[in-house]
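Data block below; observations after.
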Amino acid sequence: MVKAVAAGGIITFDCGPAPVTITMSATAKVHNRTTPVVLDGGGRVTLSGGGKRRIIYMDGCDPSLGPSTSRCVDQDWPRLTIQNMAFTKGNSIGQPNDDTYPGGGGAIFARGGHIKVINSRFTDNRCDSTGPDLGGAAMRVLEQGGDQPVYIVGSTFTGGSCTNGSALSSIQVSWTVLNSVFSGNTAIGRGANPARAGTPGGGNGGAIYLDGDNFKLVLDGTLMERNHANEGGGAIFFVSNDRTGTLTIRNSTLRKNPSDGFETFKGVFYLGNGNPSISGSKVS
């Protein structure tokens with residue numbers, strides 16, 4: 001598995017017709033090349049971090065993964081598509097990326113290039129329990145080529161635990177989330193962001209934690225329920241620092257997502273361009 005991801009191309013599994021779980025002995029790393037990487041589990045394959053390690057790592061700026069451009073965070077490669085897969089028990093605790101963007105990404109960490117996820121499941125993934133601005137027990141994404149969005153389609157995120165964003169977390173990244181489910185994810189940090197005096201910070205965005213300037217989050221046909229934040233945004237924490245970012249919720253249901261500290265409306269803390277656009281949706 002590790003060698004296959006490093007080699008790239010279209011990766012499928014010949015494991016027979018029954019569901020199978022592969023426990024990773026090392027993190028699979030996507031190398032910097034223009035050939036797209038497609039990881040397709042055929043709806044039968046689960047990759048497990050065994051509660052010990054991150055499962056997938058992609059970083060267009062990491063020189064150990066091959067050459068990149070001077071604008072590595074904005075280049076169009078590497079490109080990773082994940083489809084018909086499951087990821088469980090990924091763990092990035094104590095695995096910082098660098099001093100600028102610490103930690104996160106228990107199952108998947110991605111920086112630069114492009115990543116999209118289709119018809120996949122994420123269960124019981126973990127990242128660090130403290131810190132004001134890291135997160136993503138399932139996925140941590142830092143910038144994308146051409147500022148294009150990450151697409152999440154027909155996927156589920158359950159049982160994630162991290163200081164912030166226990167399903168998805170990013171800085172300066174747009175997301176388009178279609179026909180997906182977020183349930184039972186918990187932001188376990190305390191002290192918010194910036195961290196209150198005497199606290200380690202964190203606890204924002206039970207399921208989704210997004211920070212940066214001009215970025216967008218679109219939820220369409222999506223269910224978010226029973227997610228929880230110790231601080232702000234039981235379902236979603238969205239902060240556009242320059243107030244240019246936008247939040248759109250269409251044909252979706254957000255319910256029973258408690259925020260123990262603060263929220264703009266039920267389950268959501270939002271600072272962006274005007275008010276969120278909400279249509280055909282139920283938020284309670």
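Kindly state which strands (runs of 3 or more DSSP E) lie completely within segment 10-119 and contain at least 1 residues that are at pLDDT 90 or above and aromatic (Phe, Trp, Tyr).
Numbers: elements: 20-23, 28-30, 37-48, 56-59, 79-88, 108-111, 114-118.
In segment 10-119, 56-59, 79-88, 108-111 are the strands (runs of 3 or more DSSP E) which contain 1 or more residues that are at pLDDT 90 or above and aromatic (Phe, Trp, Tyr).
So, Val173, is that one touching a residue at least 24 places away in the same chain (Cβ under 8 Å) and assigned to a strand (DSSP E or B) or not?
no
Could you figure out which of (1) in contact with a Phe, Trp or Tyr (Cβ under 6 Å, 6 or more places away or on another chain); (2) surrounded by fewer than 24 Cβ atoms within 10 Å (Cβ to Cβ); (3) farther than 24 Å from Asp213 by Cβ isn't true of Thr158?
Only one criterion in (1) in contact with a Phe, Trp or Tyr (Cβ under 6 Å, 6 or more places away or on another chain); (2) surrounded by fewer than 24 Cβ atoms within 10 Å (Cβ to Cβ); (3) farther than 24 Å from Asp213 by Cβ is unmet by Thr158, namely (1).
Of everything in segment 54-68 that's under 20 Å from the mean Cα position of the chain (by Cα) and surrounded by fewer than 24 Cβ atoms within 10 Å (Cβ to Cβ), which residue is nearest to Ile10 (Cα to Cα)?
Quick first cut of segment 54-68, residues under 20 Å from the mean Cα position of the chain (by Cα) only: 54-62.
Still in the list and also surrounded by fewer than 24 Cβ atoms within 10 Å (Cβ to Cβ): 57, 61-62.
Details: Tyr57: 17, Cys61: 23, Asp62: 22 Å.
Checked segment 54-68; the qualifying residue nearest to Ile10 (Cα to Cα) is Tyr57.
If you go through segment 39-53 one residue at a time, do you hit one that is buried (at least 16 other Cβ atoms within 10 Å of the Cβ), closer than 18 Å to Ile115 by Cβ, touching an Asp or Glu at 6+ places or on another chain (Cβ under 9 Å) and aliphatic (A, V, I, L, M)?
Scanning segment 39-53, I find no residue that is buried (at least 16 other Cβ atoms within 10 Å of the Cβ), closer than 18 Å to Ile115 by Cβ, touching an Asp or Glu at 6+ places or on another chain (Cβ under 9 Å) and aliphatic (A, V, I, L, M), so the answer is no.
Scanning segment 176-200 for residues that are among the hydroxyl-bearing types (Ser, Thr, Tyr) and part of a strand (DSSP E or B), which turns out surrounded by the most Cβ atoms within 10 Å (Cβ to Cβ)?
This residue is Thr186.
When residues of segment 120-160 are filtered for being under 13 Å from the mean Cα position of the chain (by Cα), outside any loop (DSSP other than H, G, I, E, B) and of a type in the set (Asp, Glu), how many remain?
0
Give the number of residues within segment 220-238 that are surrounded by fewer than 21 Cβ atoms within 10 Å (Cβ to Cβ) and out of contact with any Gly (no Cβ under 8 Å at 6 or more places or on another chain). Show your work before the answer.
So the first thing to find is which residues in segment 220-238 are surrounded by fewer than 21 Cβ atoms within 10 Å (Cβ to Cβ), and the list is 220-221, 223, 225-226.
Now narrow it down to the ones that are out of contact with any Gly (no Cβ under 8 Å at 6 or more places or on another chain): 220-221, 223, 225.
Count: 4.
Looking at segment 254-284 only, could you name the residues that are assigned to a strand (DSSP E or B), surrounded by fewer than 17 Cβ atoms within 10 Å (Cβ to Cβ) and not small (Gly, Ala, Ser)?
Arg255, Phe262, Phe265, Leu271, Lys282
The values are calculated or read from the model by the stated rules, or taken from the named source; none is laboratory data. The shown structure was predicted, so the numbers you read here are calculated from the model rather than taken from an experiment. A quick note on method: Cβ atoms are made from the backbone with ideal geometry, for glycine too, and the neighbour counts reach across all protein chains shown.
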